[in-house]
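These notes are about the structure you will find just below.
Derivation of every value follows stated rules applied to the coordinates shown; laboratory data play no part. Please read these numbers as outputs of a predicted model, since none were measured by experiment. Cβ atoms come from the backbone with ideal geometry, glycine included; neighbour counts cover every protein chain shown.
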Amino acid sequence: MLVDSEHSKDLNKNKLLTSEAILNQFMRVLPGIGVSTLVGLAALFLSQHYDAPAMLFALLLGIALSFLYEDTHCKAGIEFTACHFLRIGVALLGLRIAFGDLAALGWTTALLLVVAIISTIGVGIVLAKTLGLQKRFGVLTGGAVGICGASAAMAIAAVMPESNHKDRDTSLTIIGVTSLSTVAMVLYPIIASALNLDETNTSIFLGGTIHDVAQVVGAGYSVSEQTGDLATLTKLVRVAFLMPVVLCTLLILRLNVDQVADSKPLIMPKFLIIFVILMTINSVIEIPAAITNAGAEISRYALVISITAIGMKSNLKSLLEVGIRPIILMVSESLWIAGLILLAVCYL
């Protein structure tokens, strides 16, 4: 009986120690999570007020407040937010996509999008090497341009190994693709009109080339409601390739694309598993709109808040030191995918 009593006391003591450790860990990250959330919500407010990309506002506000990352009280929480909120946001993207979207668009268009995405990433890798940048940066920018802009950049960055330039490269990519996407939202409908593209080809051009979903919606519905619907569907099919591309990125890194020995084994991240599960469920059964809308909102908030934290981790001086080469890379990738899709819809 005495032994049992002592054992029970030890168990209770261990539980108390565990609870205390969890509480201490939570209190350690709370300031950073709080400040990232507050700035992220401010970015969302500015986005709605000025009708501009929330991701860009979040990143720029984060960079402006990067001094908070130097504060020991906020540093741990900012790192936690940049990592884990990002994974939550990407995982919930699976609720927005279903395999039926691919069939609804048609296999010819789907094949065209596959070729466009793969070739854009390939161009990114080749040009990155030519410009003296890391091939990993080419994969990051090529994936962002080819799939879904800032969201793709964050998903690909999430599976890349830690390095001194990871956050800087992610920030550069998000700034670049968001800016280019905004320009495309205005310019591409004008190009489609000048070339006298019909409604279907205009939709495929807009949905297959503009980087971010929000800008595709803006460009498509600026032409017509039908164009907006089909352009958005085309874009969602591109988003559906996010998971395969991220998995391929893991394989590429495993094959040491930068000739750097990565000792970590190839393990599929849990957030990608959740992404696949949610996408599969959404394809098999009809999930109530209230759930999918709630998931989309949580995903949006999580991604914006994580982008804010990534911006806080970025150093403006290091961003400026990179120079014009990343801009040349992303503009070239954007011109490649736009030219390829435009050529296909005009002549095929």
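Could you work out the relative contact order of the chain, using alpha carbon pairs under 8 angstrom and six or more residues apart, expressed as a whole percent? With pairs under 8 Å counted, the relative contact order is 31 percent.
In the chain, the longest principal axis of the Cα atoms and the axis of helix 270-284 are about 50 degrees apart.
The protection proxy used here, the mean number of other Cβ atoms lying within 10 Å of each residue, ranks peptides 164-177, 30-43 as follows, highest first: 164-177, 30-43. When percent of Cα pairs over 38 Å apart is calculated for this entry, the matching label among (1) 11; (2) 8; (3) 18 is (3).
Give, in nm to one decimal, the length gained when the segment between Ile273 and Asp51 is fully stretched (0.36 nm per residue of separation minus the Cα-Cα distance).
Details: separation 222, 0.36 × 222 = 79.92 nm, distance 3.37 nm.
Taking Ile273 through Asp51 to full extension adds about 76.5 nm, to one decimal.
In order along the stretch 75-81, the Karplus-derived 3J(HN,Hα) couplings, from 6.51 cos²θ - 1.76 cosθ + 1.60 at θ = phi - 60°, round to 4, 4, x, 5, 5, 4, 5 Hz, and Gly and Pro are given as x. Per-residue extension of 0.36 nm, minus the Cα-Cα distance of Cys346 and Ala289, leaves a gain of 16.8 nm for this segment. Adding -39500 (n - 2.57) for every DSSP H run of four residues or longer, then dividing by how many residues the chain holds, sets the calculated 222 nm ellipticity at -26500 deg cm²/dmol. Sorting 330-342, 271-283 by their mean Cβ neighbour count within 10 Å, with the most densely packed peptide first, gives 330-342, 271-283.
Shown is the FRET efficiency for Leu251 and Ser66, computed with R0 = 41 Å from the Cβ-Cβ distance and rounded to the nearest 0.05: 0.75. Here the peptides 142-150, 60-68 are ranked by packing, the mean other Cβ count within 10 Å, and the order with the highest first is 142-150, 60-68. The magnitude of the dipole of the chain, with charges of +1 and -1 set on the Cβ of Lys/Arg and Asp/Glu and taken from the Cα centre, is near 700 debye.
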